[in-house]
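Notes follow the structure.
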Amino acid sequence: MNAQELSGVIAVNKPQGWTSFDVIGKLRGVLHIRRLGHGGTLDPMATGVLPVFVGKATRCCDIMPDKRKCYTAGFRLGLTTDTQDITGEILSQSDKAVARGEIEELLPAFTGDIMQLPPMYSAVKVGGKKLVDLARGGKQIERTPRKIHINSLNITEYDEQSREGTLEIDCMQGTYVRTIIDDIGSKLGCGGAMTSLIRTRSGGFTIDECYTIDELQKLADEGGIGGVILPTDRVFEMYPSAALDERCTGLYKNGVKLRPDQAGFTDGGIHRIYARDGSFLGLAQLINGELRAVKNFY
């Protein structure tokens, strides 16, 4: 497959120490294509699922419908840091003993809709400036708590001697896992910091589908990279589909707004639209009785 014809999604297992942009930079060299984007930034210390969009699929970046994220996070109680993880400067330490049961009693308070204060070391913008840039300049500014949603939060491992353990977190986009750990530590009266983070699900993709950078390099060298590129419509599986006949496919591609009977559905929700030959055309919905494109991918 010619590099310029590549289009779709590669599920990458981001390595520790790399930024999401480092991954894009590396894959531009591996794939010999510049048109790449990613879905959901991961901190350098984190590993795990990073959907990378190739070619025309980069149009997905700002419209991914699946906002659910899953993480496995390591934590250590008895300290706080300025970054809320072990890469930061230690702000406080405590010798307070904490039993597993004490942590488990707190977890229900951190599930469902909760308010979370964005950490200073984050990409959240206030007044047009990223908080992380202000934090690196030694500044602390007032922030407004934001509503987030935690589907489930469970402690899977905990050693009461070292006060180290692991949490499984199923949440929605916009959640800062290290802040959850910092808040739990605060409630326990001893502090807490994140020690590791693996994203196991993002954008509908799971860790089991991911390839490492080394694996992708090997596949590219052997000419097999096209076999791991997932189809673009995989991103939109949660939407119902509609197939157009040959005539309506041509009309749709020419920008003609089809009627409900031509579109094959009558509700106003977003649908995946397919051509007569089964190829994915894009997303569209009925507005005022006319099929209008939300985003095209042909």
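The values are calculated or read from the model by the stated rules, or taken from the named source; none is laboratory data. Since this is a predicted model, take the numbers as computed values, not measurements. Cβ sites come from the backbone with ideal geometry, for glycine too, and all protein chains shown count toward neighbours.
Do we find that Gly224 is without any contact (Cβ under 8 Å) to a residue 24 or more places away in the chain and either out of contact with any Pro (no Cβ under 8 Å at 6 or more places or on another chain) or crowded, with 20+ Cβ neighbours inside 10 Å (or both) in this structure? It would help to see each step written out before you state the result.
Working: without any contact (Cβ under 8 Å) to a residue 24 or more places away in the chain: yes; either out of contact with any Pro (no Cβ under 8 Å at 6 or more places or on another chain) or crowded, with 20+ Cβ neighbours inside 10 Å (or both): yes.
In short, yes.
Would you please name the residue that is surrounded by the most Cβ atoms within 10 Å (Cβ to Cβ), looking only at residues in the range 2-37 that are among the basic types (Lys, Arg) and not in a helix (DSSP H, G or I)?
Selected residue: Lys14.
Scanning the range 102-123 for residues that are in contact with a strand residue (DSSP E or B) (Cβ under 7 Å, 6 or more places away or on another chain) and not in a helix (DSSP H, G or I) gives Thr111, Gly112, Asp113, Ile114, Met115, Gln116, Pro118, Ala123. Scan the range 105-163 residue by residue and report those that are modelled with pLDDT of 75 or more, within 22 Å of the chain's Cα centre (by Cα) and of a type in the set (Ser, Thr, Tyr). Residues satisfying the conditions are Thr111, Ser152.
Is it the case that Leu6 is in contact (Cβ under 8 Å) with a residue 60 or more places away in the chain and touching a helix residue (DSSP H, G or I) at 6+ places or on another chain (Cβ under 9 Å)? Judged against the criteria, Leu6 is a match.
In the range 194-298, counting only helices (runs of 4 or more DSSP H) that sit wholly within it, the ones holding 3 or more residues that are hydrophobic (A, V, I, L, M, F, W, C) and within 25 Å of the chain's Cα centre (by Cα) span 213-221. Taking the range 161-182 as the range and being surrounded by fewer than 14 Cβ atoms within 10 Å (Cβ to Cβ) and either of a type in the set (Ser, Thr, Tyr) or in contact with a helix residue (DSSP H, G or I) (Cβ under 9 Å, 6 or more places away or on another chain) (or both) as the test, only Ser162 passes. Regarding Gln140, is this residue surrounded by fewer than 15 Cβ atoms within 10 Å (Cβ to Cβ) and of a type in the set (S, T, N, Q)? Criteria met by Gln140. Any residue in the range 71-98 that's on the phi < 0 side of the Ramachandran plot: show its pairings with residues that are loosely packed, with under 13 Cβ neighbours inside 10 Å at Cβ separation under 7 Å, as long as the two are six or more apart or on different chains. So the pair list comes out as Leu79/Ile90; Leu79/Ser92; Leu79/Gln93; Thr80/Ser92; Thr81/Glu89; Thr81/Ile90; Asp82/Glu89; Lys96/Gly189.
Any residue that is buried (at least 18 other Cβ atoms within 10 Å of the Cβ) and over 28 Å from Val124 (Cβ atoms) - is there at least one of those in the range 253-262?
As a first pass, look at the range 253-262 and keep what is buried (at least 18 other Cβ atoms within 10 Å of the Cβ): 258.
Those still in the list that are over 28 Å from Val124 (Cβ atoms) too: 258.
Yes - at least one qualifying residue is present in the range 253-262.
Residues that are among the acidic types (Asp, Glu) and modelled with pLDDT of 95 or more within the range 3-54 comprise just one, Asp22.
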